[in-house]
1. Restrict the search to the chain; then list the trypsin sites (Lys or Arg not before Pro) that DSSP places in a loop and that have at most 15 other Cβ atoms within 10 Å of their Cβ.
2. Taking only the alpha-carbon positions of the chain and ignoring solvent, what does the Debye formula give for the base-10 log of I(q)/I(0) at q = 0.11, 0.20, 0.22, 0.24 Å⁻¹?
3. Could you derive backbone 3J(HN,Hα) for the stretch 56-71 from the dihedral phi with the Karplus parameters 6.51, -1.76 and 1.60 (θ = phi - 60°), listing whole Hz in sequence and x where the residue is Gly or Pro?
4. Note down the magnitude of the dipole of the chain about its Cα centre, charges +1 on Lys and Arg C-beta and -1 on Asp and Glu C-beta and zero elsewhere, to the nearest 20 debye.
5. Taking R0 as 25 Å, what's the FRET efficiency between Ser55 and Asn20 from their Cβ-Cβ distance, rounded to 0.05?
6. How much length is gained if the chain between Asp70 and Gln12 is pulled fully straight, taking 0.36 nm per residue apart and subtracting their Cα-Cα distance, in nm to one decimal?
7. Can you find, among Phe9, His39, Ser55, the residue farthest towards the positive end of the dipole of the chain? Put +1 on the C-beta of Lys and Arg, -1 on that of Asp and Glu.
8. Springs between alpha-carbon atoms under 10 Å, Gaussian network over the chain: tell me which of Tyr54, Tyr24, Tyr41 tops the mean-square fluctuations.
Amino acid sequence: MNAFRQKGFLVQPSQYTDLNSPYYSIGAMNKMLIFFPSHLYHRIGFNNSNLTRYSIAFNFIPTGKIGYADSELKL
């Protein structure tokens, strides 16, 4: 059991899909870049090849106006 899973009702799906699976794995490809929300639990697995793998971490921070009407915010 993964300690980072969302807490809530445990509903066993009749069939797993990309939208309801508790885990998802993406195989690395040359020149691949993956973006995902910072709140998402993630990890990088072991590099079992003889090739050097590079991993770069950074955050995007929006600027300008976001939202609309009474929920608008200027950053």
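Every number here is computed from the coordinates shown, using simple stated rules; none is lab data. Here the structure is a predicted model, which is why all the values come from computation and not from measurement. Cβ coordinates were reconstructed from backbone atoms using ideal geometry, including for glycine residues, and neighbour counts include every protein chain displayed.
1. Arg5, Lys7, Lys31, Arg43, Arg53
2. The computed values of log10 I(q)/I(0) come out as -0.54, -1.08, -1.14, -1.22.
3. So the Karplus estimates, Gly and Pro as x, are 10, 10, 7, 10, 9, 10, x, 10, x, 8, 10, x, 7, 6, 6, 10 Hz.
4. The calculation lands at about 240 debye.
5. So, using R0 = 25 Å, E works out to roughly 0.35.
6. 16.9 nm
7. Ser55
8. Residue with maximal mean-square fluctuation among Tyr54, Tyr24, Tyr41: Tyr54.
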